[in-house]
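Q: Next up is a structure, given as structure tokens.
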Amino acid sequence: VSPRMAYAPELFDTVDYGIAVYRPIDNGADFEFVDINKAGETFSNIRRDDIIGRRLTDVFPGVEAFGLLEVLRAVAETGQPQDLPPAAYNDEHRSGKWFANRVYRLDSGEVVAVYNDVTDQVRAEMELRHSEERYRLLSEATLDGIFDWNPNEDTLYLSPSWKAQLGFKPEELPNTFGSWTGRLHPDDRERVLAHLEEYLQNPDAQWHE
């Protein structure tokens, strides 16, 4: 069964993720291109006619450092599908793009990599982490007590200054919602929590208490 028939011809070149089909050569040490779809051509900036029958390591000399070659070998040998989590591909001609791969073996023995360009997603996640790290450093430097609660993820951050004002070292008080609510003054606790619940039902730009 040809790879295009295995994928259905009407889908192979219309899906928006890359599909590359390889044949093991040199006893599985390397692989040669059997087919690639249009999305794969676009992602990798290559032409199908230029790579069919060529060695993977010649077309993409950075493939071993990228991690895909090891996964292809394992799948070709065991027949068990494997995922290659997002990783950056680099060689002398290409750099900066991140790809996530799902690899499995066809009944014919050929190995298929289904992959997507996740560069924008990875960069956005990196920027978020950097932003969160900057916020953490700022909150640790200020003398103001800060608590940051994310009700959607049920996570809470209590700054070292917040803990210090209550007489705790940073490691002595866990970053939990209970740590915050449990240290509200008994005379204020019911009112504060009722106000917080009202805010969550009808959120405004800021919560004042």
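Q: Write out, first by first residue and then by second, each pair whose Cβ atoms fall under 8 Å of each other, whose residues are 6+ apart or on separate chains, and whose first residue, in the range 44-56, is more than 11 Å from Val21 (Cβ to Cβ) and in contact (Cβ under 8 Å) with a residue 40 or more places away in the chain while the second is basic (Lys, Arg) and surrounded by 10 or more Cβ atoms within 10 Å (Cβ to Cβ).
A: Ser44/Arg94; Asn45/Arg94
Q: I need every pair where a residue in the range 106-127 that is more than 14 Å from Ala39 (Cβ to Cβ) has its Cβ under 6 Å from the Cβ of a residue that is open to solvent by less than 30 Å² (accessible area, probe 1.4 Å) and part of a helix (DSSP H, G or I), sequence separation at least 6 or different chains.
A: Val111/Leu72; Val111/Val75; Val111/Ala76
Q: Would you mention how many residues in the range 130-174 are in a helix (DSSP H, G or I), open to solvent by 80 Å² or more (accessible area, probe 1.4 Å) and at pLDDT 70 or above?
A: Result for the range 130-174: 3.
Q: How many residues does the range 12-36 hold that are of a type in the set (Ser, Thr, Tyr) and open to solvent by 30 Å² or more (accessible area, probe 1.4 Å)?
A: Counting residues in the range 12-36 that are of a type in the set (Ser, Thr, Tyr) and open to solvent by 30 Å² or more (accessible area, probe 1.4 Å) gives 2.
Q: Given the criteria without any contact (Cβ under 8 Å) to a residue 40 or more places away in the chain, touching a strand residue (DSSP E or B) at 6+ places or on another chain (Cβ under 7 Å) and surrounded by 13 or more Cβ atoms within 10 Å (Cβ to Cβ), does Ala39 qualify? I'd like the intermediate steps shown before the answer.
A: Details: without any contact (Cβ under 8 Å) to a residue 40 or more places away in the chain: yes; touching a strand residue (DSSP E or B) at 6+ places or on another chain (Cβ under 7 Å): yes; surrounded by 13 or more Cβ atoms within 10 Å (Cβ to Cβ): yes.
The answer is yes for Ala39.
Q: Could I ask something else about it? Filter the range 75-94 down to residues that are outside any loop (DSSP other than H, G, I, E, B) and closer than 18 Å to Ser108 by Cβ and give me whichever is most open to solvent (accessible area, probe 1.4 Å).
A: Per the criteria, the residue is Glu77.
Q: Further question: Say we look at the range 42-52 and pick out the residues that are open to solvent by 50 Å² or more (accessible area, probe 1.4 Å) and part of a loop (DSSP other than H, G, I, E, B); which of these is farthest from Gly109 (Cα to Cα)?
A: Going residue by residue through the range 42-52, those that are open to solvent by 50 Å² or more (accessible area, probe 1.4 Å) are 42, 45, 47-50, 52.
In the following step, the residues that additionally are part of a loop (DSSP other than H, G, I, E, B) were identified as 45, 47, 52.
Values: Asn45: 27, Arg47: 24, Ile52: 17 Å.
So the residue we want is Asn45.
Q: Which residue pairs have Cβ atoms closer than 8 Å, lie 6 or more positions apart in sequence or on different chains, and pair a first residue in the range 11-33 that is closer than 17 Å to Arg102 by Cα and of a type in the set (Ser, Thr, Tyr) with a second residue that is open to solvent by less than 90 Å² (accessible area, probe 1.4 Å) and part of a loop (DSSP other than H, G, I, E, B)?
A: Matching pairs, first to second residue: Tyr22/Glu110.
The values are calculated or read from the model by the stated rules, or taken from the named source; none is laboratory data. None of these values were measured; they are calculated from a predicted model. FYI the Cβ positions are ideal-geometry reconstructions off the backbone, even for glycines, and counts take in every protein chain you see. These area figures cover heavy atoms from the full protein model, side chains too; ligands, DNA and RNA do not enter into them. Shrake-Rupley method; radii C 1.70, N 1.55, O 1.52, S 1.80 Å.
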